[in-house]
Amino acid sequence: MKGRFEQGVEAMRAQMDARVVSYLSSCVHCGICAEACLFFTETGDPRYTPIHKTEPMRKLWNQEYTFWGKLTSKLGLNKPLTEQDFEDWEMLVYDGCSMCGRCSMVCPLGVDIAYIIRKVKEGLSAAGYSPPDLVEAGERARTIGSPMGVTAKTLAATIRAQEKETGLDIPLDKEGAEYLCLFSSGEIAGFPEFMGALARIFKAAGISWTISSQYFEATNTGVQLGNSELAAELVERIVAVAEKLKVKTVISPECGHAYTTIRWDAPNFIGRPLPFKVVHIMELLDQLRLDGRLKTEGMTDDRLSFHDPCNISRRGGVLKQPRQLLNMVAPNFVEMKEHGDMNWCCGGGGGVSSNERANELRLQVFSAKKRQLDEIKVDALVTSCSNCRHMLEDGLEENEMEIELIGITELIADHLAEETPDRGQ
Amino acid sequence: MITAFVDGPLWYFALVVFLIGVAWRLFAIFRSGSKADFSVPRRSGAVSAFMTSLRRFVPRHEMSPRIRLQVVAGYMFHLGLFALLVFAAPHVLFLQKHLLGFGWTPMPYWAFILASQIAFAGLLILWLHRLLNPVTRLISDADDYVAAGLTFFVMLTGCLALMEDFTGLRVLHRFTVELLMIYFPFSRLMHAFTFIPSRAYTGAWFGRRGVDA
Amino acid sequence: MNNNKPGRIIRCPVALYSVLMALFALMLALPFAPQAMAGDSESAAKVVNPGTELWREVRQREAPRAGATQVAGMDSGVLINIRGEQWRQFRMEQLIPAAGALMGGVLGLIVLFHLLKRGVRLEHGRCGNYLLRFKEIDRILHWYVATVFIFLALTGLILLTGRVVLIPVFGHEVFSVIASASKEGHNLFGPLFLVGLIGLLIRFVSKNLPAKGDLSWFLKAGGFVGGKHPSAGFFNAGEKMWFWLVILIGLTISATGLILEFPFFGQDRPIMELSLVLHGVGAVLLIAGVFGHVYVGTAGMEASLDSMTTGYVDVNWARQHHDQWAEACEAEGAVIAGAELAKKQRLRGTKNRVPDRPVAEEGR
């Protein structure tokens, strides 16, 4: 027992807003949400039923906000919320839920279950019941500025390598640039080509952009943990460097929850509107396409499909842009049966892939994605989230599937028209 | 004496508990408050709230055939119940006499019976599904079973009194109705009203993000 | 329209009694006949009732004829229909006692069987591995039909035997309420049974077609003759017989029920009587059969009920009672380990509502 039970309850209590109360009042336990959740459908384990994962919140609401609950609690007739519940629900909430929100799309009563789970995490993390890997990642994010421990030095080295690779300048700390680009540590560490691709596209399109050496991290472990305090602290760092560099727009890179955080949740974490606009890199690329500033040549013969990252498409609203972009370079594009806002989660979001304890489970539930891919038989799969990419790579490898994984920005960059290396600007 | 009690004081008590209880539960939702959203929306939340309230009546085709039973049986029960509550001749007369002061054309007797049969079948299938499906068996609690059982008894006593010739049967039906009215605001049956703010909030949230939920 | 069989008048006790009484009266009157014919004023005046002819016509004893009437309907031109009395006597003196005897007898036999044999046990106990026998839709369908049947059986028995069994207990007034309620309930739920029955037919007919081995299963009475359990597929011959009984009798009950409930298509009295007889007899047969069915599914055969509750059966149970099916499943690799299944079902013995923690996590 962690001894912070009361703090956990207080944190959850503070989350009880009108939305949560309307949701908890409306759920009729029909079980339809389970049929939308890959953690249930691929394991058959009813404990992963989405609304079941919110049980600690429901118990608190029941015993403190409802007539019947208050009465039966006083009479000792119902089971109250205890620290054991926190302990029991930790694995369900953190390992068995990527907060993909597919459940929220299908509930006939309109319950946004992913919203409630985010709030349950506030209670669990305040009480000390979060996966140790995530807690450590959060500490690294707070102290080093990156959950994976990517330092400013590593960033600088990556920039130098990409400059050499592309023959282009990658501006660092350029005050007055129009765009500030954030990165996820996963991209820096795993897919640094993304940075090079950006450089090439922005050069071709004439975009003025920069990266901040002081703070570059797009991901927010506070959101994954369910710790609003940490989440707000990390957001403030982005706001600080954006204000310092006087940029107009911040670009959210190929990372799922980073987009929902900076685009939709960040202003509410810090309690004020952001002093800049926010776009996902796909939104920017599509805008450039519309403006005629993004020209491509050549097409890929590959039969390919697009994996919609849940936080960017379903929870973020960036649905049309990837299709428009792929239209330019991929004539053999085919949609998975469930795509767009009803896409199946890769299984690694919401902090699941950062949690080693959940490895076996997330690989098991990859069977949903495998089923989708087996149906359409593609050569390649394009996506716009580096975490999805890691997860998909792990899943494809585990299942010995020969499908190439491509980041959409790199795909576009590989088909840029008239690319000429130009040293110095 | 029982008849006088059920037709009189208990009826008024049940009506008061129902009306005040429902109002209080709805008030409790809005009392909990919502924080302002400082993000820049893609489109109006209000319009999306309304659209989602309607859209959720139709399940997403990607969910087929997984949830076919719940959807079909669910609609059988709800539509059948709605039809017989609002359009069955004895109910139209009751509403006219005791509540509204006006009535409307009821449906023919055979339609009344058909609607009841569909409602019964739907409710029975849903109740069995709740018991036999591992998901619903895990997440269901006493409230779910009591609500379904009470609703079934209301419908059953109504069916038993169809001949409309025996005071005892009519009073039994009315009594179970009054029990249901008293139980209603304290239970999950409130979803009949709370589904509106629930769908609306979600619709607004998604709508601001440009997603048709 | 009426077609009274000539023999029935003789067999009908009331008629026979009346005839006998008439003869006896005649016999008594015979000594006085000469005096009556002589017009002796001392004997009672034998005045012929002027209404005799009329009443003979009204009773329609010899040749039933429908009169003319403005009331539209079958038999509405028949003023006094003696079939009503015949039916009442049949119902009270033959149908109801027979029904009671059949149901009581079967129940008694089952109790006796259980006291003697104590049900069929699992030879090798449970092994803890499972096979999926009935999917969710099949179980929902089965329990739907079962629930509706029980309701119809109860209300139907009240309607059939209430006069004999319930009036002495509750009195006439209370019984009239019970009867009215039962009639309305019975009539409304009847069609629901038919719908479920058709569902059962569609889902299970392919598994109930006659197959090789069924006859020998029958001859061995499922293993009670000879001691060795005969081989069987998904359903054994006994189960197939029960399926077809339920379907055929059930459809008969449904069809006659519809005939009875919707008498707008020219059904006359004989058709309605026949329908009632088939309906009642069929229902009582099914009820008796259900007693046996419930027994076999619960106390009569260990570990059988699982198949209709969770849908999963222990492999040992499958091997013992449906060896061909068990073999086919095992060849397909369809066996599920108990530990695996416990995650998906709240089987007996499972307790925790949350997944197991990895061992390394302990002591955190």
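Coordinate-derived values only; no laboratory data. No experiment lies behind these values; they were computed from the predicted model shown. In this analysis, Cβ positions are derived from the backbone assuming ideal geometry, glycine residues included, and neighbour counts consider all displayed protein chains.
From the square roots a ≥ b ≥ c of the eigenvalues of the alpha-carbon gyration tensor of the protein assembly as shown, which class results: rounded (a/c under 1.5), prolate (a/b over b/c), or oblate? Prolate.
Sites listed here are trypsin sites (Lys or Arg not before Pro) in the range A:173-257 whose DSSP assignment is loop and whose Cβ has at most 14 other Cβ atoms within 10 Å: A:246, A:248. Remark on residue A:250: its backbone amide H falls under 5 Å from those of A:180, A:277, A:278, A:279, a criterion applied only to residues 5 or more positions apart or on other chains, H modelled at 1.01 Å from N.
Which value at 222 nm does chain A reach when only helices count, each DSSP H run of 4 or more adding -39,500 (n - 2.57), with the total divided by all residues and rounded to the nearest 500 deg cm²/dmol?
-14000 deg cm²/dmol
Between helix B:167-183 and chain B there is an angle of about 30 degrees, using the helix long axis and the longest principal axis of the Cα atoms. The alpha-carbon of residue C:207 sits under 18 angstrom from the alpha-carbons of these lysines, leaving out residues fewer than 8 places away in its chain: C:135, C:240. Taking Cα atoms, how many degrees apart are the long axis of helix B:191-208 and the longest axis of chain B, rounded to 10 and kept between 0 and 90? In chain B, helix B:191-208 runs at an angle near 10 degrees to the longest axis.
Please give the FRET efficiency for residue C:245 paired with residue A:371, using the beta carbon to beta carbon distance and R0 = 51 Å, rounded to the nearest 0.05. Mind showing how you got there, number by number?
Numbers: r = 43 Å, r/R0 = 0.84.
E(calc), rounded to 0.05, equals 0.75.
When only C-alpha pairs under 8 Å and at least 6 residues apart count, what is the relative contact order of chain A, in percent? Mind showing how you got there, number by number?
Numbers: 744 pairs, mean separation 72.3, N = 425.
Reported as a whole number, the value is 17 percent.
Using the Karplus relation 6.51 cos²θ - 1.76 cosθ + 1.60 with θ = phi - 60°, the per-residue 3J(HN,Hα) values for the range C:158-167 come to 4, 5, 6, 10, x, 4, 8, 9, 9, 4 Hz, with x marking Gly and Pro.
Among DSSP beta bridges lying fully in the protein assembly as shown, give the percent that are antiparallel, nearest 5. Walk me through the intermediate numbers first.
Working: 6 of 27 bridges.
Counting only bridges with both partners in the protein assembly as shown, antiparallel ones make up about 20 percent.
5 Å is the cut-off here: which amide hydrogens, built 1.01 Å from N in the peptide plane, fall below it relative to residue A:405, excluding neighbours closer than 5 in sequence? Residues meeting the criterion, in which the H sits 1.01 Å from N, are A:381.
Inter-label distance, residue B:1 to residue A:277: 7.9 nm, where each label sits 7 Å from its Cα along the C-beta direction. Take the Cβ atoms of residue C:136 and residue C:49, set R0 to 60 Å, and the FRET efficiency comes out at 0.20. The order of C:172, C:279, B:91, going from fewest to most other C-beta atoms within 10 Å of their C-beta, is C:172, B:91, C:279. Counting only DSSP beta bridges with both residues in chain A, the antiparallel share comes to about 5 percent. Residues whose amide H lies under 5 Å from that of residue A:172, counting only those 5 or more places away or on a different chain, are A:211; hydrogens are built 1.01 Å from N in the peptide plane. Working from label points 7 Å from Cα in the Cα-to-Cβ sense, the residue B:104 to residue B:43 distance is 3.1 nm.
Using a 10 Å cut-off around each Cβ, can you sort A:310, B:159, C:329 from fewest to most neighbouring Cβ atoms?
Details: A:310 27, B:159 23, C:329 19.
Ranking A:310, B:159, C:329 by Cβ neighbours within 10 Å, fewest first, gives C:329, B:159, A:310.
Rounded to 0.05, the FRET efficiency of the residue C:102 and residue A:75 pair, given R0 = 56 Å and the Cβ-Cβ distance, is 0.65.
Please compute the net charge surrounding residue A:366, taking Lys and Arg as +1 and Asp and Glu as -1 over other residues with Cβ under 13 Å from its Cβ. Write out the running numbers ahead of the final one.
Values: positive: A:362, A:369, A:370, A:371; negative: A:42, A:360, A:374, A:393, A:394, A:397, A:398, A:400.
Around residue A:366, the charge tally is -4.
Using Cα centres only, tell me the gap between the range A:108-134 and the range B:134-151 in whole Å. Rounded to whole Å, the Cα centres lie 25 Å apart. For residue A:120, neighbours were defined as the other residues whose beta-carbon sits under 11 Å from its Cβ, and their charges (Lys and Arg +1, Asp and Glu -1) total +2. Among the listed pairs A:59/A:369; A:370/C:344; A:119/A:246; A:119/A:370; A:203/A:248; A:244/A:295, those whose Cα-Cα separation exceeds 29 Å are A:59/A:369; A:119/A:246; A:119/A:370; A:244/A:295. Put in order of Cβ neighbour count within 10 Å, fewest first, the listed residues B:98, A:52, A:29 become B:98, A:29, A:52. Taking a cut-off of 16 Å between Cα atoms, list the aspartates and glutamates near residue A:53, but don't count ones fewer than 8 places away on the same chain. Cα-Cα hits under 16 Å: A:35, A:45, A:83, A:85, A:87, A:88, A:90, A:95, A:112, A:122, B:141, C:356.
Label positions at residue B:57 and residue A:178, each projected 7 Å from the Cα along the C-beta direction, are separated by 4.7 nm. Converting phi to 3J(HN,Hα) with the Karplus coefficients 6.51, -1.76 and 1.60 and the offset θ = phi - 60°, the range A:246-262 yields 6, 7, 8, 9, 9, 9, 8, x, 7, 7, x, 5, 4, 5, 4, 5, 6 Hz in sequence order, with x at every glycine or proline.
Counting Lys +1, Arg +1, Asp -1, Glu -1, what net charge surrounds residue C:295 among other residues with beta carbon under 13 Å of its beta carbon?
Numbers: positive: C:117, C:118; negative: C:302.
After counting each charged neighbour, the total is +1.
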